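The values are calculated or read from the model by the stated rules, or taken from the named source; none is laboratory data. What you see is a predicted model, and the numbers here were worked out from it, not measured in a lab. Here the Cβ positions follow ideal geometry from the backbone for every residue, glycine too, while neighbour counts run over all protein chains shown.
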Amino acid sequence: MAAKDPTIPPAPIDEKKTDDMAGSEASLIDHLTELRQRLIYSLTAIAILFVVCFFFADWLFDFLLQPFKSATGNNEEVRLIYTAPQEFFFTKLTLSLFGAAFLAFPVIASQVYAFVAPGLYKNERGAFLPYLIATPVFFLFGAAVMFYGVMPLALKFFLSMEGSGSDSVTIEMLPRVSEYLSLIMTLVLAFGVCFQLPVILTLLARIGVVDSDKLKSWRKYAFVGVLVVAAFLTPPDPISQIGLALPMLLLYELSIWSVKLVERNRAKRDAAEAAKKA
């Protein structure tokens, strides 16, 4: 092996990056220990909120009945049934866990950020934080669209099928409490997750996986994909399927605009760095 030429100066060290990452080195055991601690904090928050939500389960379930009440026009008594002695109790447990996980998201997100932040450079931490904030905002927006817009219309569609089968037969919709809660939770998750589309595509654009030209060329495939996803995630009625498909198509167009903004900011940053080196 040839000896190193002492006249060649060593490669410069990026002191800024070194300072940003200082103190972030840790062994695998340290990472696993910290991960366990973060999980304990998150599960503790969920457990505490689960107990709180269980005490307010009746109020929470009454709140989730608002789309049903709106669909009936608030003119008649809303009736639901349960067909097993333990069904409503387990429904309250499920509702409490769902509410606890929903309310504990800020704690969970903060623990995720605290775990990954030491491994990121300062500029990367600044770029990661806005997405952590945007995720629950878009999730809540999607849930609100479903809860106050799509769900009442879908229930009106289902209620319109009530009627008389014959002189001695009355057809009436009496949902089971567990089935109604399952439908609500499924649609909340479906709309909340699907409304993450701008967040996901913008994040992929920041790491160079997609760009605005690709997204424009994928429009027709995105249209078909959105219709398939809406048909798979929603009940088999046209109202809820259209109610999910239309916002997703609009969000796809919003994603293209957001990716363009990322590309514009990157171009400005690259131009500024080139000017400094010149």
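Brief remarks on what is shown
- Counted residues, region 47-59 - those being surrounded by fewer than 18 Cβ atoms within 10 Å (Cβ to Cβ) and in contact with a helix residue (DSSP H, G or I) (Cβ under 7 Å, 6 or more places away or on another chain): 1
- Top-ranked residue of region 77-95 - restricted to ones that are in a loop (DSSP other than H, G, I, E, B) and not small (Gly, Ala, Ser), ranked as modelled with the lowest pLDDT: GLU77
- Any hit, region 246-264, residues being closer than 15 Å to CYS194 by Cα, in the same structural domain as ALA205 (by TED's automatic domain parsing) and in contact with a Gly (Cβ under 7 Å, 6 or more places away or on another chain): no
- Against the numbered list (1) more than 29 Å from VAL150 (Cβ to Cβ); (2) more than 24 Å from the chain's Cα centre (by Cα); (3) not small (Gly, Ala, Ser), LYS69 comes up short only at (1).
- Residue that is farthest from SER178 (Cα to Cα), among those in region 72-109 that are among the polar types (S, T, N, Q) and under 29 Å from the mean Cα position of the chain (by Cα): SER96
- Wholly within region 211-278, helices (runs of 4 or more DSSP H) carrying at least 3 residues that are over 30 Å from LYS156 (Cβ atoms) and modelled with pLDDT under 85: 238-277
- Condition check for MET173 on (1) outside any helix (DSSP H, G or I); (2) closer than 23 Å to LEU250 by Cα; (3) among the aliphatic types (A, V, I, L, M): one failure, at (2).
- Residue check for ILE200: among the β-branched types (Val, Ile, Thr) and surrounded by 13 or more Cβ atoms within 10 Å (Cβ to Cβ): yes
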